[in-house]
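Okay, so here's the structure we're looking at.
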Amino acid sequence: MASDKVINVTDGAFESTVINNALPCLVDFWAPWCGPCKAIGPVIDQLADEFDGKVKIAKMNVDENPETPGKFGIKAIPTLILFKDGKAVGQITGAVGKGQLVALLNKAA
């Protein structure tokens, strides 16, 4: 079941939702046709629940929002970038295990 704590972010809302956020924010750059993206979807939902109040979790559909992924040089999906204080502080590309994502989030939480 999808978590209601995961925010769908657009190019237009990226700065206000992610860059200017008081909390660290993990952005999952994904697409509906991407198998590995679907595979880590449930993990992203779990993390949104587990880190609620500590880290904001957002998803960006790269097909619908090409501008932001281009700014960050994203060439493969899923790519997850952790932002803190408006700066990218960590990045993981590919479907990785929950442990790697937790380790990344714990650096910022």
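FYI, it's all coordinate maths here, none of it is from the lab. Treat the numbers as computed from the prediction; the structure is a model and nothing was measured. Virtual Cβ from ideal backbone geometry, glycine too; neighbours counted across all protein chains shown.
Give Lys84, Lys98 a once-over and let me know the one that is farther than 18 Å from Ile19 by Cβ, of a type in the set (Lys, Arg), surrounded by 13 or more Cβ atoms within 10 Å (Cβ to Cβ) and in contact (Cβ under 8 Å) with a residue 40 or more places away in the chain. First the steps, then the outcome.
On the way: Lys84 fails: farther than 18 Å from Ile19 by Cβ.
Of the residues listed, the single one that is farther than 18 Å from Ile19 by Cβ, of a type in the set (Lys, Arg), surrounded by 13 or more Cβ atoms within 10 Å (Cβ to Cβ) and in contact (Cβ under 8 Å) with a residue 40 or more places away in the chain is Lys98.
Identify the residue in segment 21-35 that is under 14 Å from the mean Cα position of the chain (by Cα) and within 10 Å of Pro78 (Cβ to Cβ) and, among all such residues, is surrounded by the fewest Cβ atoms within 10 Å (Cβ to Cβ). Before the answer, list the steps.
Within segment 21-35, the subset under 14 Å from the mean Cα position of the chain (by Cα) is 21, 23-31.
From what is left, the residues that are within 10 Å of Pro78 (Cβ to Cβ) are 28-31.
Details: Asp28: 25, Phe29: 25, Trp30: 22, Ala31: 15.
That would be Ala31.
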Here are some residues: Val18, Val43. Which one is without any contact (Cβ under 8 Å) to a residue 60 or more places away in the chain and surrounded by 12 or more Cβ atoms within 10 Å (Cβ to Cβ)? Val43
So which residues in segment 52-75 are within 16 Å of Gly90 (Cβ to Cβ) and in contact with a strand residue (DSSP E or B) (Cβ under 7 Å, 6 or more places away or on another chain)? Val55, Lys56, Ile57, Ala58, Phe72, Ile74
Which of the residues belonging to segment 60-73 are within 16 Å of Ile19 (Cβ to Cβ) and of a type outside the set (Asp, Glu)? Met60, Asn65, Thr68, Pro69, Gly70, Lys71, Phe72
